[in-house]
Each structure stands twice: as structure tokens, then as C-alpha cells.
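*Asks:* What follows is a single structure, and I will ask about it in a moment.
Each value in this text was obtained by applying a stated rule to the coordinates, not by laboratory testing. The shown structure was predicted, so the numbers you read here are calculated from the model rather than taken from an experiment. Please note: Cβ atoms are built from the backbone with ideal geometry, for glycine as well, and neighbour counts cover all protein chains shown.
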Amino acid sequence: MSEAIDREVRVTARAFLPVGLSLVLSWFLTLLSRSIEMSYPTPIITPIEEPEPTAPPTEAFSTPAPYLNMIIVLGLITVSSLVMLHLARRRKNLFKILTGILIWLISFGVTVIYLINIAMAFDWTLLRFWLPAGALTASLITYIMLKGEGLIASIPAAYIASGAGATIGMSISYWTFIVLLLGISAYDAFAVYKGHLSTLSKEEAISLKGLTVEVDDLVIGLGDLFFYSLTVSAILQYMGVAPAIAATISILVGYSITLLLLRKRRMLPGLPVPLLLAMASALAVNLLR
């Protein structure tokens with residue numbers, strides 16, 4: 001979700017900081033993991049086994065596994081977003097507490113993943129500091145995201161969104177990733193135009209501190225940054241550097257298009273244009289090599 005606080009949306013460098021930083025950090029973590037041959041387990045949110053990435057598309061897409069995994073993910077996103085939106089409207093104190101706990105846990109996990117990768121690449125003794133480093137970083141990020149304003153809060157938001165997105169992107173199965181990219185794009189459009197997000201006022205969007213990032217005239221959903229990062233990392237993992245570069249550029253182009261369209265609409269889905277452009281360009285580059 002991307003929302004304009006007013007109609008005079010300015011396409012400035014500041015507006016690109018959360019997205020650009022998320023993409024850069026996704027590249028860093030994915031390349032680091034690839035350099036040490038780190039293997040991530042399949043996410044528990046996509047439990048159904050699917051054909052290998054080398055399977056013919058006709059075979060892979062004729063099996064129910066990718067679609068069932070997508071339904072599970074979208075179901076979890078729907079339930080969690082409805083619960084959080086209800087709490088934000090009716091139980092604001094509980095919403096703040098739950099949001100703080102979630103941010104702390106995700107920040108802690110992301111920091112530990114970074115530390116493990118850096119330790120394996122450079123110095124194993126760094127792992128001795130995993131608990132204090134993770135706890136301190138998570139506490140600082142949680143405080144900034146819940147208490148900080150504007151651009152300052154967007155930096156830790158990009159850190160946790162990119163870390164979580166890159167980790168899932170490197171571990172999600174290939175065919176589930178393809179189907180999920182299409183599914184989440186359609187879901188985002190439906191949620192913004194006809195679903196639960198269509199009733200969200202600009203004041204409510206701003207008040208979802210911790211789940212959204214406010215930069216100048218924009219409110220960007222943390223989920224957008226997560227899926228941008230997931231997409232780039234998965235493409236880098238499965239297709240290689242050239243398609244991932246094309247996908248990264250396409251996400252930035254798609255994000256720019258979304259910002260320009262926000263001059264005519266108060267709120268737009270932030271995923272369809274960037275993600276579909278990213279997938280199309282990555283597949284085109286992959287086929288042309």
C-alpha cells in the first residue's frame with residue numbers, strides 16, 4: 001500500500017530512500033549468503049513440497065503445490081492484517097504493544113541472521129556476541145520505529161523488511177515464488193480498491209506506526225518493502241545477477257510510476273506495478289542469455 005498525504009506528491013530522492021535501502025540491503029545479504037553457501041530451510045508458511053526448479057513449467061504449474069502454498073501465505077496475510085487493523089481502530093494500546101513485540105522479534109532474528117553470515121564469512125568468534133548484539137539492535141530499532149518520525153524511522157524499517165524479505169526470498173521454493181508474486185499483486189490491488197484497506201483513512205494509515213513508513217507526503221506499507229526485497233533476493237538466488245539487476249531497476253521504475261499515479265489518487269497498491277515489471281524483466285533477461 002502506498003498512500004498520499006496530499007495530492008502534490010513530490011518524486012524526490014527522500015521518497016526513494018526506504019525502497020532503495022531495502023533493495024541494497026537485500027543484495028548485500030543475498031550475495032553474502034551465496035558467497036558462504038548458506039542454505040536456508042523452506043519457510044514453514046509454504047509447507048507443501050513442489051517440483052524442483054528445473055522441472056518444466058507445464059509440469060510445475062499443473063501440480064497443486066505452488067497454488068496451495070500461495071493460498072496459505074495470502075490467508076495468513078489476510079488474517080493478520082485484519083486483526084492488526086481491528087486492534088489499531090478499537091484497541092490502540094494493545095496494537096502498540098503487539099506491534100512493538102513483533103518488530104523486536106523480527107529485528108532480533110534479522111540481526112542474528114546477519115551476524116551468522118558475517119561470522120561465517122570473516123570470523124567465527126563474532127558469534128559469541130549474537131545475543132547482546134541481537135537484543136541491543138532489536139531494542140534500538142523498535143524504539144526508533146515506534147517513536148521516530150519520517151525519514152529516521154524509514155531506515156530501521158528498510159533494515160528489517162529487507163532482512164526478512166531476503167531470507168524468505170532465498171528459502172522460498174521457485175514455483176511458489178512465481179505464483180505468489182502474481183497472487184500478492186492481485187491481492188494487494190483487491191485489498192486497496194475493494195477490501196479492508198479501501199476503508200483506511202490517511203489519519204489511520206499514519207497512525208499505523210511500525211507497520212507503515214511516512215516520508216514527506218507518502219505513507220508506505222512495510223509489506224511493500226518486504227516483497228520488493230523478497231522478489232530481488234529470490235530472482236538473484238534462482239536466476240542470477242543479470243536478471244536480478246533488471247528486476248531491481250524495474251522495481252524502482254515501477255515505484256516511480258506508482259508515485260506519479262498517486263497525484264491522481266489518494267491511495268494505490270504498491271506491489272502490482274513494481275513486482276510485475278520486475279518479474280517480466282527478469283524472465284526476459286534470463287531467456288535472452
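*Asks:* Among all stretches of the chain without exposed GluC sites (Glu not before Pro) (DSSP loop, at most 14 other Cβ atoms within 10 Å), which one is longest?
*Replies:* 150-289
*Asks:* Which whole-Hz couplings ³J(HN,Hα) result when phi for each residue of the range 180-193 is put into the Karplus expression 6.51 cos²θ - 1.76 cosθ + 1.60, θ = phi - 60°, listed in order with x for Gly and Pro?
*Replies:* 5, 4, 5, x, 5, 5, 5, 4, 4, 5, 5, 4, 6, 8
*Asks:* Let me ask you something else. From the backbone phi of the range 223-229, what are the Karplus-calculated ³J(HN,Hα) couplings (6.51 cos²θ - 1.76 cosθ + 1.60, θ = phi - 60°) in whole Hz, Gly and Pro given as x?
*Replies:* x, 4, 4, 4, 6, 4, 5
*Asks:* Among the listed pairs LYS92/LYS147; LYS194/LYS264; LYS92/LYS194; LYS147/LYS209; LYS92/LYS264; LYS92/LYS209, which have their C-alpha atoms separated by more than 20 angstrom in this model?
*Replies:* Those over the limit are LYS92/LYS194; LYS92/LYS264.
*Asks:* Using a 10 Å cut-off on Cβ atoms, rank the peptides 153-163, 125-135 from the highest mean neighbour count down.
*Replies:* Ranking, from highest mean packing down: 153-163, 125-135.
*Asks:* Same structure, new question: Expressed as a fraction of 2.2 N^0.38 Å, the rule-of-thumb size for a compact globular protein of N residues, what is the C-alpha radius of gyration of the chain?
*Replies:* The value comes to 0.98.
*Asks:* Check which residues have an amide H placed less than 5 Å from THR212's amide H, if you skip close sequence neighbours.
*Replies:* LEU222
*Asks:* Something else now. Tell me, what ³J(HN,Hα) does each residue in the range 37-46 have, in order and in whole Hz, if you take phi through Karplus 6.51 cos²θ - 1.76 cosθ + 1.60 with θ = phi - 60° and put x for Gly and Pro?
*Replies:* So the J values, rounded to whole Hz, are 6, 5, 10, 9, x, 4, x, 5, 7, 10.
*Asks:* Continuing with the same structure: Please list, in chain and number order, the residues 5+ apart from LEU218 or on another chain whose amide H is under 5 Å from its amide H, with Hs placed from the backbone.
*Replies:* Under 5 Å from the amide H of LEU218: ILE5.
*Asks:* Determine, at each q value in 0.16, 0.23 (inverse angstroms), the log₁₀ of I(q)/I(0) that the Debye formula gives when each Cα of the range 200-289 is one equal point scatterer.
*Replies:* The Cα Debye sum returns log10 ratios of -0.66, -1.06.
*Asks:* Note the direction-averaged projected area, equal to a quarter of the hull surface, for the Cα convex hull of the range 22-94, in nm².
*Replies:* 7.7
*Asks:* Taking only C-alpha pairs under 8 Å that are 6+ residues apart, what is the relative contact order of the chain in percent?
*Replies:* 33
*Asks:* What percent of all Cα-Cα pairs in the range 124-248 falls in each 5 Å bin, counting up from 0?
*Replies:* Bins of 5 Å from zero give 2, 10, 15, 17, 17, 17, 13, 6, 2, 1, 0 percent of pairs.
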